[in-house]
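Asker: Dropping the structure in here first, questions after.
The values are calculated or read from the model by the stated rules, or taken from the named source; none is laboratory data. Please read all numbers here as calculations on a predicted model, not as lab measurements. Here the Cβ positions follow ideal geometry from the backbone for every residue, glycine too, while neighbour counts run over all protein chains shown. Heads up: the accessible areas ignore ligands, DNA and RNA and are worked out on the full protein's heavy atoms, side chains in. Shrake-Rupley method; radii C 1.70, N 1.55, O 1.52, S 1.80 Å.
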Amino acid sequence: MKVTVVGAGHVGATTAQRLVEGNIADVYLVDIVDGLAAGKALDLAQAAPLVGHGRKIVGGTEYAGAEGSDVVVITAGIARKPGMSRDDLLMTNGKIVTGIVEEIMAVAPDAILIMVTNPLDVTTHIAMEVSGQPRERVMGMAGALDTARFRAFIGMELGCASSDVQAMVLGGHGDSMVPLASSATVGGVPITQLIEPGRLEEIIQRTRDGGAEIVGLLKTGSAFYAPSAGVTEMVGSILRNENKVMPVSVLLQGEYGIEDTFVGVPVKLGAGGVEEIIEVKLSDDENAALRASAEHVRETVAAWERLSK
Ligand code: APR
């Protein structure tokens, strides 16, 4: 199994590390900056005897090395600075992603594409258009991350293992994301029985602001440990055909009453990519929030289409 990771910055290099050290796949790491991907890949290869895995990892600036990839993860682009929204990255990252997907399709036309570059739902839309791939094979990583943040905050609040918290965050990867309080549980107990409504609303808001909180602390970059863990979860489920259920940004064509828009909803991830879109019953408020989030994604795609012409 082989994965190409495009972008050898914080998210890309950490993803590459998780994939080889977790014994999930061989990795080709590519970056536009000469020596960056090659250097980080060599460093990771030299860690292999200490960590104890037999995975291959090489890096370079050329896309030829991506040939034969089962999955391609695209993290290339600029990250947020304090005060910026993900949408502020649109024009720069939209152009970067367009060029990269063209390069990838020329050498690895059968690869499943996982987008990480922000604004996530829009770059995933661009990747699908440029690649001409069916919607099962082009998806965005956001829900896995936003859900992990929600679970971590609930775990911190209750002083329990966050791995015992089951929860889901739907919608676009932005300020309008929709953490589902109604179906979140800890060891099977609804969190609405454990956390009072006002406090729960604060946790939901902290989840929405989870990325910005880290940007504010780091000042010179954005989150990468949890994002790379989210990508790794997706890649593992695809390559091992595990059919794990997690929220993924996928093109909706009528599901949840939403048409032709990428937005995060729960899917089953297996060897074919998105094997099934799962329609969860939402409360009226959650439904309205999901539609508003999709509307925001639609408007950002329209802005891209207008400005990139
Ligand atoms: N081709 C290949 N690599 C590129 C290109 C390109 N056209 N343009 C930029 N890159 C590379 C940069 O050289 C850099 O190494 O992308 C990398 C981005 O790394 P970082 O700046 O460390 O950013 P990172 O924190 O990894 O975030 C990348 O993921 O989570 C999102 O919002 C985040 O959009 C951002 C992306």
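Asker: What do you reckon, is Thr61 within 16 Å of the ligand (Cβ to nearest atom) and open to solvent by 30 Å² or more (accessible area, probe 1.4 Å)?
Answerer: Yes.
Asker: Taking the condition loosely packed, with under 15 Cβ neighbours inside 10 Å and in contact with a helix residue (DSSP H, G or I) (Cβ under 8 Å, 6 or more places away or on another chain), does Pro49 pass?
Answerer: No.
Asker: Give, as residue ranges, the helices (runs of 4 or more DSSP H) completely inside the stretch 106-224 that count at least 1 residues that are away from the ligand (no atom under 16 Å from the Cβ) and of a type in the set (Val, Ile, Thr).
Answerer: Correct list: 143-158, 197-208.
Asker: Filter the stretch 272-294 down to residues that are out of contact with any Gly (no Cβ under 9 Å at 6 or more places or on another chain) and free of Cβ contacts under 8 Å to residues at least 60 places away in the same chain, then give me how many there are.
Answerer: Going through the stretch 272-294 one residue at a time, the tally reaches 7.
Asker: Answer yes or no as to whether Gly99 is at positive phi and either open to solvent by 30 Å² or more (accessible area, probe 1.4 Å) or part of a helix (DSSP H, G or I) (or both).
Answerer: No, not satisfied.
Asker: Follow-up. Quick one: in the stretch 1-14, which of the residues that are in contact with a Gly (Cβ under 9 Å, 6 or more places away or on another chain) and more than 8 Å from the ligand (Cβ to nearest atom) is farthest from Ile214 (Cα to Cα)?
Answerer: Lys2
Asker: I'd like to check something: does the stretch 165-174 contain any residue that is buried (at least 18 other Cβ atoms within 10 Å of the Cβ), touching an Asp or Glu at 6+ places or on another chain (Cβ under 6 Å), more than 26 Å from Val27 (Cβ to Cβ) and of a type outside the set (Val, Ile, Thr)?
Answerer: Yes, there is a match, as at least one residue in the stretch 165-174 is buried (at least 18 other Cβ atoms within 10 Å of the Cβ), touching an Asp or Glu at 6+ places or on another chain (Cβ under 6 Å), more than 26 Å from Val27 (Cβ to Cβ) and of a type outside the set (Val, Ile, Thr).
Asker: Pairs, please: C-beta under 6 Å, at least 6 apart or cross-chain, first residue in the same structural domain as Gly99 (by TED's automatic domain parsing) and in the stretch 19-48, second part of a helix (DSSP H, G or I) and open to solvent by 40 Å² or more (accessible area, probe 1.4 Å)?
Answerer: Within 6 Å, the pairs are Glu21/Val51; Leu44/Gln17.
Asker: Quick one: how many residues across the stretch 77-121 are small (Gly, Ala, Ser) and either free of Cβ contacts under 8 Å to residues at least 12 places away in the same chain or within 20 Å of Ile214 (Cβ to Cβ) (or both)?
Answerer: Qualifying residue count for the region: 5.
Asker: Regarding the stretch 233-242, can at least one residue be identified that is crowded, with 16+ Cβ neighbours inside 10 Å, outside any helix (DSSP H, G or I) and not assigned by TED's automatic domain parsing to the domain that holds Arg135?
Answerer: No, the stretch 233-242 contains no residue that is crowded, with 16+ Cβ neighbours inside 10 Å, outside any helix (DSSP H, G or I) and not assigned by TED's automatic domain parsing to the domain that holds Arg135.
Asker: Answer with yes or no whether Val250 is hydrophobic (A, V, I, L, M, F, W, C), over 18 Å from Val122 (Cα atoms) and open to solvent by less than 60 Å² (accessible area, probe 1.4 Å).
Answerer: no
Asker: If you go through the stretch 122-141 one residue at a time, do you hit one that is surrounded by 21 or more Cβ atoms within 10 Å (Cβ to Cβ), free of Cβ contacts under 8 Å to residues at least 60 places away in the same chain and small (Gly, Ala, Ser)?
Answerer: Within the stretch 122-141, one or more residues are surrounded by 21 or more Cβ atoms within 10 Å (Cβ to Cβ), free of Cβ contacts under 8 Å to residues at least 60 places away in the same chain and small (Gly, Ala, Ser).
Asker: To continue, here is another question. Looking at (1) open to solvent by 10 Å² or more (accessible area, probe 1.4 Å); (2) modelled with pLDDT under 95; (3) under 23 Å from Glu129 (Cα atoms), which one does Gly83 not meet, given that it meets all the others?
Answerer: Just one mismatch for Gly83, condition (3).
Asker: Return the pairs, sorted by first residue and then second, in which the second residue is acidic (Asp, Glu), the first residue lies in the stretch 249-267 and is over 13 Å from Ala144 (Cα atoms), the beta carbons are less than 6 Å apart, and the residues are 6+ apart or on different chains.
Answerer: Going by the 6 Å Cβ cut-off, the qualifying pairs are Glu255/Glu279; Phe262/Asp121.
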